[in-house]
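One structure is given here, and the rest of the page talks about it.
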Amino acid sequence: METEIKLLFKDPEALLAVTSAEWFSDYCLDSEPKDSDKLINTYYDTQDRRLNSRNAMIRVRMYESEDGDERFEHTVKFGGGVVNGLHQRYEWNVPSDSRNFSFREFIDSVQDNDDPVELLKKALEGVEEEELVPLCTVEFTRKVYTFGFGDSIMDACFDIGKIKSGDASEDICELELELTSGDVVDLKDMADYIIEQTGCVTFDESKYQRALRLYDSTHKEE
């Protein structure tokens, strides 16, 4: 299960200032400067948003490194919920060399994943591959550091970019703390410490939810 906390910053300068703060090296296990990857998320659903109605989503993510290399990751998320910025959902990820999402290949590739395949099949039940359409796309840059707090390890993802729909846009300026091993209590304590040090706030909306909301607000008359 994916377990992460989203922290919202007022601007990119405030977000990136975290990496030069005195306390940063106390918790960062790999504090040397990092390259940024460009990430392009494309979210898929049926025209009537059947997946979204059952709290599921399909994402194809393209990673583009600073030297131009590209790779893809296919993801399905399902269920779960959000409380005070803490996002917990079932999640399945499959590396791929293609931007095209295949139900059969995806399900076959996640047999050894931590989350139950039965739940994955439930998330996709009744949806045909040819019904999928790209609903929205989000582009941002990401730097990833590894944090240690208490007995836990977490990825600290510094995300900067924009969500666009027509002439409307919203900034992406957030720090995602994702638990990779350990206790969710440590994750919460790490987030609380960062909030105390920086004045950032927890954030409940995912990038996908924000993109859908922006799209709907600019297509009301269609």
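Separation of region 9-42 and region 83-155, taken as the distance between their Cα centroids, equals 23 angstrom. Listed from fewest to most Cβ neighbours within 10 Å, the set ASP192, ASP186 follows the order ASP192, ASP186. Multiplying the residue separation of VAL144 and ASN84 by 0.36 nm and subtracting their alpha-carbon distance yields 19.3 nm. On the beta carbon distance between ALA14 and GLU130, with R0 = 41 Å, the FRET formula returns roughly 0.35.
Among the GluC sites (Glu not before Pro) in region 61-152, those located in a DSSP loop and surrounded by at most 10 other Cβ atoms within 10 Å of their own Cβ are GLU66, GLU125, GLU128.
Spread over its residues, the convex hull of the C-alpha atoms of the chain is 135 Å³ per residue. Once you sort the root eigenvalues of the Cα gyration tensor of region 1-107 as a ≥ b ≥ c, which label holds: rounded (a/c under 1.5), prolate (a/b larger than b/c) or oblate (the other case)? It comes out oblate by the Cα gyration axes. Remark: ASP159, ASP26 ranked as ASP26, ASP159, counting other beta-carbon atoms within 10 Å and listing the fewest first. Working from label points 7 Å from Cα in the Cα-to-Cβ sense, the ALA21 to ASN52 distance is 3.4 nm. Close amide-amide hydrogen proximity is noted between LEU132 and no other residue 5 or more places distant or on a separate chain, at a cut-off under 5 Å (H modeled in the peptide plane; Pro and chain starts excluded). Based on DSSP H segments of at least four residues, each scored -39500 (n - 2.57), the chain has a per-residue ellipticity at 222 nm of -6500 deg cm²/dmol. When trypsin sites (Lys or Arg not before Pro) are flagged only if DSSP places them in a loop and at most 15 other Cβ atoms lie within 10 Å, the longest unflagged stretch of the chain comes out as 100-219. When the chain is treated as a Gaussian network with alpha carbon springs shorter than 10 Å, the biggest mean-square fluctuation among ILE58, ILE172, ILE107 belongs to ILE107.
Bear in mind these aren't lab numbers, they're just calculated from the coordinates by the rules spelled out. No experiment lies behind these values; they were computed from the predicted model shown. Cβ sites come from the backbone with ideal geometry, for glycine too, and all protein chains shown count toward neighbours.
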